[in-house]
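The values are calculated or read from the model by the stated rules, or taken from the named source; none is laboratory data. Everything quoted here is computed from the prediction, not taken from an experiment. Positions of Cβ are generated from backbone atoms using ideal geometry, with glycine treated the same way; all protein chains shown enter the neighbour counts.
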Amino acid sequence: MTPAGPEDLARLLSFREEAASWLSRLGSDQWSRPYPADRLLATIEAGTVFMVRDDETTAATITLTSEAEEGLWSDDELNEPSMFVNKLTVSHAYAGQDIGGGLLDWAGDRAYRSAAKWLRLDAWTTDDALQRYYLRHGFEHVRTVDEGHAVNGGPRVSGWLAQRPARPADHSFVDETPQPLAG
């Protein structure tokens, strides 16, 4: 597990395109719009994008931030110390090894060491299989924010909200990331 650097931008963009193509073949429109390179670069430069590398191959990526997506969580929820998972992606070549579950454990452990109470995420509202995946990994469904019902207005397609307590965890990664700062 390493932090992503600006030199990883092209790889991460193609990684996302690969995932979107695979999802499309499964009948999902998730990530069908290209992700803006400048926004991804900003998250990389903020130090919130992490990569699982298998030698020179990117096996998976996760974005972990203390910033919530706008319009999803209530003010009361935002007042609770939390870390938010975004853009969790595992290469199709590494599917079936529960790397995603390991990433969620890594994120929950990092959130705990940052003094967060919750590890939170939002998932595609129409992807029942993904929602079941998160439930199997200890998340509890909070609510679904659909189009026109966002907390602060605005349409949502990724508004299935879930959380689990931040907690220490054994994950299978060699963690080469900087230690998180306690809240």
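Brief remarks follow.
- Among residues of region 36-65, those that are touching a helix residue (DSSP H, G or I) at 6+ places or on another chain (Cβ under 9 Å), in contact (Cβ under 8 Å) with a residue 40 or more places away in the chain and not in a helix (DSSP H, G or I), counted: 11
- Counted as qualifying within region 69-172 are the strands (runs of 3 or more DSSP E) with 2 or more residues that are modelled with pLDDT under 95 and under 25 Å from Y35 (Cβ atoms), namely 82-90, 118-123.
- Just one of the listed residues (D127, D122, D109) is more than 21 Å from T43 (Cα to Cα), among the charged types (D, E, K, R) and buried (at least 18 other Cβ atoms within 10 Å of the Cβ), namely D127.
- Checklist (1) within 21 Å of G102 (Cα to Cα); (2) modelled with pLDDT under 80; (3) out of contact with any His (no Cβ under 9 Å at 6 or more places or on another chain) applied to L12, failing item: (2)
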